[in-house]
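The values are calculated or read from the model by the stated rules, or taken from the named source; none is laboratory data. None of the values given here were measured: they were computed from a predicted structure. Cβ: placed from backbone, ideal geometry, glycine included. Neighbour counts: every protein chain shown.
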Amino acid sequence: MGTTLQLAEAHVARLIAQANESLSDGAEAPWHYELTNEVDNIGIVASESSRTLKVNPAWLRFVVESGDFKVCVADEIMAWYLLQKLTASA
């Protein structure tokens, strides 16, 4: 595996910065990320004060190297927003 953890983490850091710039309206809790072995792949922990994208570092390196970062990681945040809208209107 040629992708370093630092390179893979840089992808996530950019994603989080973009999410906080474009998806948050200022009144919403900001996004953060955490590299952790607590999850097998990826997960989201949300509270009133923050949203944390938890990412397994080995899995992250794999999806960055395979070119699947957007589908596997970036789309996770968009899916979270979609689910919030669907459950709020139900």
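A single entry from Ser22, Ser49 fulfils the requirement of being out of contact with any Lys or Arg (no Cβ under 8 Å at 6 or more places or on another chain), exposed (fewer than 13 other Cβ atoms within 10 Å of the Cβ) and outside any helix (DSSP H, G or I): Ser49.
This table checks each residue for (1) exposed (fewer than 12 other Cβ atoms within 10 Å of the Cβ); (2) closer than 20 Å to Leu82 by Cα; (3) in contact (Cβ under 8 Å) with a residue 40 or more places away in the chain; (4) more than 14 Å from the chain's Cα centre (by Cα).
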| residue | (1), (2), (3), (4) |
| --- | --- |
| Thr3 | no, no, yes, yes |
| His11 | no, no, yes, no |
| Gln18 | no, yes, no, no |
| His32 | no, yes, no, no |
| Thr36 | no, no, no, no |
| Glu65 | no, no, yes, yes |
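Being at pLDDT below 95 and of a type in the set (S, T, N, Q) is the filter here, so list the residues in segment 40-51 that pass it. Once the filter is applied, which keeps residues that are at pLDDT below 95 and of a type in the set (S, T, N, Q), segment 40-51 yields Ser47, Ser49, Ser50.
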